[in-house]
Amino acid sequence: MALPNGLAAAPAADEELGVLQEPLLLRRSQSNTTSQIAIVGSNPCPIESLDYEIIENDFFKQDWRSRDKIQIFQYIFTKWILCFLIGLIVSLIGFFNNLAVENIAGTKFVVTSNMMLARKFMVAFLVFASSNLGLTLFASLITAFIAPEAAGSGIPEVKAYLNGVDAPAIFSLRTLLVKIIGSICAVSSSLNIGKAGPMVHTGACIAAILGQGGSKRYGLTWKWLRVFKNDRDRRDLVTCGSAAGIAAAFRAPVGGVLFALEEMASWWRSALLWRAFFTTAVVAIVLRALIDVCLRGECGLFGKGGLIMYDVTSANISYHLRDVPPVLLLAIVGGLLGSIYNFLLRKVLLLYNLVNKKGIFYKIILACLISIFTSCLLFGLPWLASCRACPSDASEPCPTIGRSGNYKKFQCPPGYYNDLASLFFNTNDDAIKNLFSKDTDSEFHRSSMLTFFATCFFLSIFSYGIVAPTGLFVPVIVTGAAYGRFVGMLVGSNSNLNHGLFAVLGSASLLGGSMRITVSLCVIILELTNNLLLLPLIMLVLLISKTIADVFNENIYDIIMTAKGLPYLEGHAEPYMRQLTVSDVVTGPLQIFHSIEKVGNVFHILKHTGHNGFPVVDEPGISASPVLFGLILRDHLITLLKMKAFSRNPTRLGPDAFLQFSADDFAKKGLGHGDKIEDIELTEEEMEMFIDLHPFTNTSPYTVVETMSLAKALILFREVGLRHLLVIPKVPDRVPIVGILTRHDFMPEHILNLHPSLVQSRWKRLRVRFPQLSIFI
């Protein structure tokens, strides 16, 4: 097939926006095919890859040589300032999020409790359910109509972004505002969801917005901000933002850094570690100062509670060899429960998507139904529990009427409390506090703890997929705490560990079984409980639960990314990739530009293809034979057409041509503000003119020979963070380029679709498959 520039098309693939297929959540089948459409938040939208490669061309070299030591110092200093601002803003948002949830939920529980005290039980239920419904409805309305990208926890989208996947609007100001407000309302509505995941997304949004390099709309176009208009710097800042989000959610600065390193980031280096640690240190210092203000009673009626505002336990404990077997059993069962949790959540997400595809109205109705169902359970189940006499040595008032406390009165007579209401009639944060508390071994009944565990287990699964900002971290912690405390009740006096410590270990086991994170979770739990003596047991529980759960399925965030269709590149290559060369997976057609090209040809190809990168070839006349000169990006070509950098004759540009451009012209635009080829208007005369691509072409793109194994190419592609990998021929007499590899070409589903015979040889973990539930498929 002949191209407009006279060269033959070689087989390759750069279909960044080519034929769009549906991701898993948009189909009923179990198989997943890689696509360029993914579900971001709650809406399907096209996605692209990020450009982490340094563009080296004549123009870039001129710009770099113009920088002196002062400008380089300004760049480094500004990056540290941005890290400081990220930590400061995230800590403030995390604190006021927590304060808002505490006061909204506290007011709701006080009003409901007063109705209960007056024996107006039906009115109390209506107040409780209607307030929950109103908060859920508001959160779902603003999410569905203003920023659908804010739905869910946001961790899968941020993790995919740090892997090189770009989706529109995931870090926009609109998404940030809806994430903050929606998370406050949804968590306050007593849904079994958390705010840790949304805080990670919030931190990433703040970092991405600060890393845009300024904004013409708001007049922030200082020269020292423009140097950040590239994906590499934004990636580093987003990594720091995600670490700050976890640090703000759990007051765990070291845990936040390790979480970003272990779970979020695909690329890491020592400089980034230092900046992330600095960012989370700022979060910890600011939170500590603000918490001290609340402890003086200056944050309203309910400003002293919340997960980031207390140390769970600091009791001196000792344990012996006989305490290990119950802990081992707890870890094994926790791993099984975590894998079942992931399995059921995936099925529920598929089921919910059948509803979500019907339209926004059905999404909102689904959220409201979940809210009503949750309110009925939270208000109704405590009636099944019997009233218990208040202990004589209680460390706090018993019974408690209102916001928080271990001894909720509910419907009980004076001097008695309802242990199940003490868990249900609280926020998740205070429920965790009650479960983790020491010296309360006789506070809860076994049946109440089992009921609470089962309810939280299933409510957290069914609450996650609604169209609202929802997190999984805290619900898994509270569910695991209930499971661990129940195990502690069964063990009883046969162990030196109290029930609160079993609750901590239960949370670790379910977190390890569901999220499959070890190091960062261990540190987060230690920072949360302020007890280093638990370290050996927590390490043991996390290692065992993760190992057991890995037999059955993947971690929860990988499952969600796969279901959403986000093309995440794993850090390892499948063994069958060793059997293939890169030439076995490239597909055509390939569009090639001459180094001096006709404007009409450039305009036509850009308008009728969605490719992001184009090889540039020097043809005879400029060189002795066709030679690959480099790669030019779509955005740079659009900039050249927009600025009309044309000449009437096919000649090379002189040195004074650089005066027409600035580095800012070719910098990546802000979030969602890139130029489009449809906005370019050219006359017939301009169409016949020529454009010299030499000064703007990346002359050193990463290339691999066509005989390289696909496995080696994958490692290179992922480790360097590429968007395009050029394939060149082994024999120099052929066309100078064979094709272009993009992220799509490395996805296992795409490869196995091209080579079905390799399906049987695909590497699989030793996994036991759960029976299929046909109702969800």
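The values are calculated or read from the model by the stated rules, or taken from the named source; none is laboratory data. Remember, predicted model here, so these are calculated numbers, not experimental data. Cβ coordinates were reconstructed from backbone atoms using ideal geometry, including for glycine residues, and neighbour counts include every protein chain displayed.
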Can you pull out the residues in region 492-509 that are farther than 18 Å from Ala549 by Cβ and in contact (Cβ under 8 Å) with a residue 12 or more places away in the chain? Asn494, Ser495, Asn496, Leu497, Asn498, His499, Gly500, Leu501, Phe502, Ala503, Val504
His499 fails exactly one of (1) surrounded by fewer than 23 Cβ atoms within 10 Å (Cβ to Cβ); (2) under 15 Å from Tyr319 (Cβ atoms), namely (1)
Selection from region 547-565 of residues that are assigned to a loop (DSSP other than H, G, I, E, B) and surrounded by 24 or more Cβ atoms within 10 Å (Cβ to Cβ): Gly565
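Table: residues versus (1) in contact with a strand residue (DSSP E or B) (Cβ under 9 Å, 6 or more places away or on another chain); (2) surrounded by fewer than 19 Cβ atoms within 10 Å (Cβ to Cβ); (3) among the polar types (S, T, N, Q); (4) not assigned by TED's automatic domain parsing to the domain that holds Asp679.
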position: Thr529; (1), (2), (3), (4): no, no, yes, yes
position: Pro536; (1), (2), (3), (4): no, yes, no, yes
position: Gln591; (1), (2), (3), (4): yes, no, yes, no
position: Val616; (1), (2), (3), (4): yes, no, no, no
position: Glu619; (1), (2), (3), (4): yes, yes, no, no
Among the residues of region 713-721, are any closer than 28 Å to Asp58 by Cβ, surrounded by 14 or more Cβ atoms within 10 Å (Cβ to Cβ) and either at pLDDT 90 or above or of a type in the set (D, E, K, R) (or both)? yes
Mind telling me which of the residues Ala454, Ala468 ends up being under 13 Å from Leu378 (Cα atoms) and among the aliphatic types (A, V, I, L, M)? Ala454
Of the residues Ile93, Ile54, only one is closer than 30 Å to Thr742 by Cβ and either at pLDDT 90 or above or not in a helix (DSSP H, G or I) (or both); which? Ile54
Subset of region 573-583, residues surrounded by 16 or more Cβ atoms within 10 Å (Cβ to Cβ) and outside any loop (DSSP other than H, G, I, E, B), comes to Tyr576, Met577, Thr581, Val582, Ser583
Return the pairs, sorted by first residue and then second, in which the second residue is of a type in the set (Val, Ile, Thr) and surrounded by fewer than 20 Cβ atoms within 10 Å (Cβ to Cβ), the first residue lies in region 262-283 and is over 17 Å from Val519 (Cβ atoms), the beta carbons are less than 9 Å apart, and the residues are 6+ apart or on different chains. Trp267/Val720
Just to check your reading of the model, which residue among Gly359, Gly306, Gly297 is under 24 Å from Ile39 (Cβ atoms) and either modelled with pLDDT under 90 or not small (Gly, Ala, Ser) (or both)? Gly359
Can we say Leu137 is in the same structural domain as Gly256 (by TED's automatic domain parsing) and either among the aromatic types (Phe, Trp, Tyr) or surrounded by fewer than 21 Cβ atoms within 10 Å (Cβ to Cβ) (or both)? yes
So which residues in region 161-189 are surrounded by fewer than 21 Cβ atoms within 10 Å (Cβ to Cβ) and at positive phi, if there are any at all? Ala169
Is it the case, given these coordinates, that Leu92 is in the same structural domain as Phe228 (by TED's automatic domain parsing), farther than 28 Å from Leu423 by Cβ and out of contact with any Cys (no Cβ under 9 Å at 6 or more places or on another chain)? yes
Tell me, please, whether a residue that is without any contact (Cβ under 8 Å) to a residue 60 or more places away in the chain and over 30 Å from Asn601 (Cβ atoms) can be found in region 704-711. no
Consider region 449-478. How many of its residues are among the β-branched types (Val, Ile, Thr), under 21 Å from the mean Cα position of the chain (by Cα) and over 21 Å from Ile517 (Cα atoms)? 2
Selection from region 733-751 of residues among the hydrophobic types (A, V, I, L, M, F, W, C) and at pLDDT 85 or above yields Ile737, Val738, Ile740, Leu741, Phe746, Met747, Ile751
Any residue at all in region 626-633 that is modelled with pLDDT of 80 or more, in the same structural domain as Leu741 (by TED's automatic domain parsing) and touching a helix residue (DSSP H, G or I) at 6+ places or on another chain (Cβ under 8 Å)? yes
Hey, among the residues in region 608-646 that are assigned to a loop (DSSP other than H, G, I, E, B) and in contact (Cβ under 8 Å) with a residue 60 or more places away in the chain, which one's nearest to Val735 (Cα to Cα)? Pro626
For Gly512: the one exception among (1) free of Cβ contacts under 8 Å to residues at least 24 places away in the same chain; (2) buried (at least 21 other Cβ atoms within 10 Å of the Cβ): (1)
In region 356-389, which residue that is polar (S, T, N, Q) and buried (at least 17 other Cβ atoms within 10 Å of the Cβ) is nearest to the chain's Cα centre (by Cα)? Asn356
Residue under evaluation Gly211, criteria (1) modelled with pLDDT of 85 or more; (2) of a type in the set (Gly, Ala, Ser); (3) crowded, with 24+ Cβ neighbours inside 10 Å; (4) over 23 Å from Asn98 (Cα atoms), criterion not met: (1)
Of (1) closer than 20 Å to Arg718 by Cβ; (2) surrounded by fewer than 17 Cβ atoms within 10 Å (Cβ to Cβ); (3) of a type outside the set (Gly, Ala, Ser), His604 satisfies all except one. Which? (1)
Can you find a residue in region 439-448 that is under 21 Å from Ile332 (Cα atoms), surrounded by 20 or more Cβ atoms within 10 Å (Cβ to Cβ) and in contact (Cβ under 8 Å) with a residue 24 or more places away in the chain? no
